[in-house]
Amino acid sequence: MLNICGCLVRTHPDHTEAVINAINATQGGEVHAHKDARIVVTVEDTPSCLASDQIMALHQIPGVLAVTLTYHHFEALEDEDAPQTLS
Amino acid sequence: MTLETSRRSFLKATAAAATASAAGISLPVGAQAAAPGADIRWDKAVCRFCGTGCSVLVGVKDGRVVATQGDPEAPVNRGLNCIKGYFLSKIMYGQDRLTTPLLRKTNGVYDKEGEFTPVSWDEAFDVMAAKWKEAIAKKGPTSVGMFGSGQWTIWEGYAAAKLMKAGFRSNNIDPNARHCMASAVAGFIRTFGIDEPMGCYDDLEHADTFVLWGSNMAEMHPILWSRLTDTRLTKPGAEVHVLSTFEHRSFELADNGMVFVPQRTDPPLAHPISPRAISPARCATTFPASWPAPRGRSIPA
């Protein structure tokens, strides 16, 4: 299953660098860009941690003021059965 | 690069591009190529997990919801969703979701004391129709009624009212609008003189000072909180005061964070405000000498 989220993280201006380092140090998180204490992050499922749990964990990084989800994509891989669709 | 790896990188680039665009941030050259998937059909919907009113774009591929994103055109959420939005699409495909009508049965026959058993829609409607006809024949139209949802659409409400009033000739239909909001509206009118929750989202950009009195916006209303955060961090002189019975995440942005001491914080704060909010003539303007001095545990920003 591909499960990928685009998140916008707002930080205290003094802590942006530390927050970027903390996010890059996580397994499923990746920083793509940042500007004015706002960071563009993608988060995806890892074998040990779901994206939703990682997003909740982002809130706990010191200096993080707000985390919002902008984009969420999930789809079954070609060799997996798609979950049942409601008709 | 395997197919899966390339699909993953493409989706990550898409997610990053949508996020950067909502935030007005430019991505490094090369990362901008990805646009939301051309193989996905996008429609509009509203998030119903709280009352804020965020607009959501829903992406469908082969008859399945595969993506959601905050609607960049929406004046409320401006391209953002909160963590609750994560479950908007997932919740439709949960394994334990109810997908068929259930009827209480014993030995294959309807029984009010029986166990819930999956049945077809035809059977569900047949049993419902039989029971309603039986009740109306015995006791007349006042013997049937319908509770409506606060989340049904205008069209659903219209159809339900027609069914009950024109069809069954019964006034026994009550939606959430009456159960819940009627009392709230009466309270709002009496207290504030306006029949709906007061305030305007645009104030989040126009105001200079924010007082969160007992509200934990950071966790309860993350989208409005993100707008407040933007204002506090970009507007010179903007202040945030957070008043609460315990220290929570909203305190991280507080210029003045106060944790209530029972009986010593609320009354001294409310007292000077009430003459302005109500009427100076109808309120004491001096603080009773017998009251304890205002006190709160101040938490520095």
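Structure summary
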{"quantity": "Inter-site label distance for B:PHE188 and B:TRP213 at 7 Å from Cα along Cβ, in nm", "calculated": "1.9 nm"}
{"quantity": "Shielding by other protein chains, B:69-75, mean Cβ within 10 Å", "calculated": "2"}
{"quantity": "Length-normalised contact order for chain B - Cα pairs under 8 Å, 6+ apart - percent", "calculated": "8 percent"}
{"quantity": "Simple spin-label estimate for B:ILE136 and B:ARG97 in nanometres, 7 Å along Cα-Cβ", "calculated": "3.3 nm"}
{"quantity": "Förster-model FRET efficiency, 22 Å R0, B:SER120 and B:SER143, C-beta, rounded to 0.05", "calculated": "0.25"}
{"quantity": "Computed over the stretch B:7-116: relative contact order in percent, which uses C-alpha pairs under 8 Å that are six or more apart", "calculated": "14 percent"}
{"quantity": "About the Cα centre, charge dipole magnitude for the protein assembly as shown (Lys/Arg +1, Asp/Glu -1 at Cβ), debye", "calculated": "1500 debye"}
{"quantity": "Between 0 and 90°, nearest 10: helix A:16-25 axis offset from chain A longest Cα axis", "calculated": "30 degrees"}
{"quantity": "For the stretch B:192-201, Karplus couplings with θ = phi - 60° (6.51, -1.76, 1.60), whole Hz, Gly/Pro x", "calculated": "10, x, 9, 8, 8, x, 7, x, 9, 4"}
{"quantity": "Estimated translational D of the stretch B:101-216 in µm²/s (Stokes, Kirkwood radius over Cα pairs; 25 °C; 0.890 mPa s)", "calculated": "133 µm²/s"}
{"quantity": "Distant alpha-carbon pairs in the protein assembly as shown (separation over 40 angstrom), percent", "calculated": "35 percent"}
{"quantity": "Tensor-based shape of the stretch B:150-190 (alpha-carbon gyration tensor, a/c under 1.5 rounded, otherwise prolate or oblate)", "calculated": "prolate"}
{"quantity": "Pairwise FRET efficiency - B:ASN171 versus B:LYS90, Cβ, R0 = 41 Å, nearest 0.05", "calculated": "0.50"}
{"quantity": "Whole-Hz ³J(HN,Hα) from phi, Karplus 6.51 cos²θ - 1.76 cosθ + 1.60, for the stretch A:27-39, glycine and proline x", "calculated": "6, x, x, 8, 8, 9, 6, 7, 6, 6, 6, 10, 10"}
{"quantity": "Whole-Hz couplings from phi, Karplus 6.51/-1.76/1.60, listed for the stretch B:178-190; x for Gly and Pro", "calculated": "8, 4, 10, 6, 4, 6, 5, 4, 4, x, 4, 4, 5"}
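The numbers here are math on the coordinates, done by the rules we state, and not lab data. Fair warning: this is a prediction, and the values are worked out from it, not measured in the lab. Neighbour counts are summed over all protein chains in view; Cβ atoms, including those assigned to glycine, are modelled from backbone coordinates with ideal geometry.
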